[in-house]
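Right, one structure below, let's go through it.
The values are calculated or read from the model by the stated rules, or taken from the named source; none is laboratory data. Keep in mind that this is a model prediction, so the values were computed, not measured. Every residue, glycine among them, receives a Cβ derived from its backbone with ideal geometry; neighbour counts consider all protein chains shown.
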Amino acid sequence: MSQKTLAEGSRAGAAAIEHGAAASPKRWWILAVIAVAQLMVVLDATIVNIALPSAQTDLGFSDGNRQWIVTAYALAFASLLLLGGRIADLFGRKPAFLVGVVGFAAASALGGAANGFTMLVAARALQGAFGALLAPAALSLLNTTFTDARERARAFSVYGAIAGAGGAVGLLLGGVLTDALDWRWTLYVNVAIAVVAFAGGWILLGNHRDAENAKLDVPGTVLVAAGLFSLVYGFSNAETHDWGSPLTWGFLLAGGVLLAAFAGWQTRAAHPLLPLRILLDRDRAASFLAVLITGAGMFGVFLFLTYYLQLNLGFSPTKTGVAFLPMVGALMVTAQAGTTVLLPRIGPKAVIPLGFAVATAGMAWLTGIGSHYPSGVLPQLIVIGVGLGLVMPTAMQLATGGVAAEDAGVASATVNAMQQVGGSIGTALLNTLAASAATDYLSGRDATSKLVRAQATIESYTTAFWWSAGFFAAGALLAFLLYRRGVPRQDAEAAPVVHM
């Protein structure tokens, strides 16, 4: 261990003594509040998707514009995450959390009341902006509230399960609300959730500014926001344009250049937005990569399986959501086992590659998709849920654990950014590959035949599933190569302190 690392550890220890490392007696209630807020953010990545056809009919926008209802949220959320995380560190996690909750609820109400396409897109962008403030504040609160290693593992198993399963829950809730009420309630429901989260946060949370002596890195903020925006926008354009379009490769290139410039600036900035010490820990860097790959591969499950269940098996939106619940259940069970039992005993070098390998097997099995849900979809979903439950919560815990208190917010934001960028990459790549597979299958066949067109869609789905399996297989290999052997030091040592 270097002298610099020892010095940083001493400073962290001194901070713990100064602020007190006693566990808060309210910590489990705080976990419930954080879980509710995180669920609200994660739900909105998918809950609106099922309602899109109804919203399109009601507001009269075109198929070409439909993607912007989803993309506007993703662009604002991804590009502002690091800024949101640093704001939580600089000005306090409680005000960041509460402002994020209120803003997210107000934007949701605006979207629910939308009288046209422009108003709905603006509301979705505002949701993403306030979500970028709320999500890292929630995760950093979790990171600094639980001081006992075992309790912290249990808390992260809950949080990670919500992060991993929230998309499926969003599909279910979106289907129920659209079928029973109206598409607008997929947005209005956030107001009710926000009331609970705000009341709990106001009563239970204390405030401490761990980075109060630091300043906001304005050049770094501009570079990373523009870089992440360009990256997500470029991948989003790949869905509606080909990869040779300047709107695709041009923005991807610009995003890469801007992020490289951001990385260079962080080595010289007096108060860096993303201190490089966060990225230089081997286990943490591997965890960021694991979250990115998981985000990319999961869309092979949620997006294309949703199409298959509704278009090929004739499931209603509600029934589609219910069909994902076994995967959610499996994910939540293995999330507990992975973070509280396996990780402290055998370490991430075994747990996370194992999870990726199981998820790979489940996705590969899903490529033989059949016409009956109980035998052709259900077992595969459970296997995938088991695998993802071992990966996502464990990686999130390792990505934010052992971080100095003043960096908790930006480390948490980086986790969320990895998941969002991974999702954008996965959506663009899998959509493009699936469309190409369908086109190739139709070539030389009677495209007017219903049977031929149906088989072409199956070819597109199975292609997406195979590529998702490939993502997970790559994740297994990279995780095995990158993670250290043994139990991570941050689990063996004291967890970050609580500031209440």
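Assorted remarks:
- Of all residues in the stretch 338-348 being over 12 Å from VAL487 (Cβ atoms) and in contact (Cβ under 8 Å) with a residue 12 or more places away in the chain, the one that is surrounded by the most Cβ atoms within 10 Å (Cβ to Cβ): THR339
- For the stretch 246-264, filtering for residues that are at pLDDT 85 or above and touching a helix residue (DSSP H, G or I) at 6+ places or on another chain (Cβ under 6 Å) leaves 8.
- The residues listed here are THR318, THR334; of these, the one that is crowded, with 21+ Cβ neighbours inside 10 Å and of a type in the set (Ser, Thr, Tyr) is THR334.
- Among the residues of the stretch 112-124, those that are small (Gly, Ala, Ser) and crowded, with 20+ Cβ neighbours inside 10 Å comprise ALA114, ALA123.
- Lone qualifier among LEU133, LEU141 - being farther than 23 Å from VAL222 by Cα and crowded, with 24+ Cβ neighbours inside 10 Å: LEU141
- Residue within the stretch 278-299 that is in contact (Cβ under 8 Å) with a residue 12 or more places away in the chain and part of a loop (DSSP other than H, G, I, E, B) present: yes
- Complete set of residues in the stretch 439-462 that are among the aliphatic types (A, V, I, L, M) and under 22 Å from GLY314 (Cβ atoms): LEU451, VAL452, ALA454, ALA456, ILE458
- The residues of the stretch 233-277 that are touching a Leu at 6+ places or on another chain (Cβ under 8 Å), outside any helix (DSSP H, G or I) and among the hydroxyl-bearing types (Ser, Thr, Tyr) amount to a single one, THR267.
- The sole residue among SER424, SER375, SER436 that is assigned to a helix (DSSP H, G or I), touching a helix residue (DSSP H, G or I) at 6+ places or on another chain (Cβ under 6 Å) and among the small types (Gly, Ala, Ser) is SER424.
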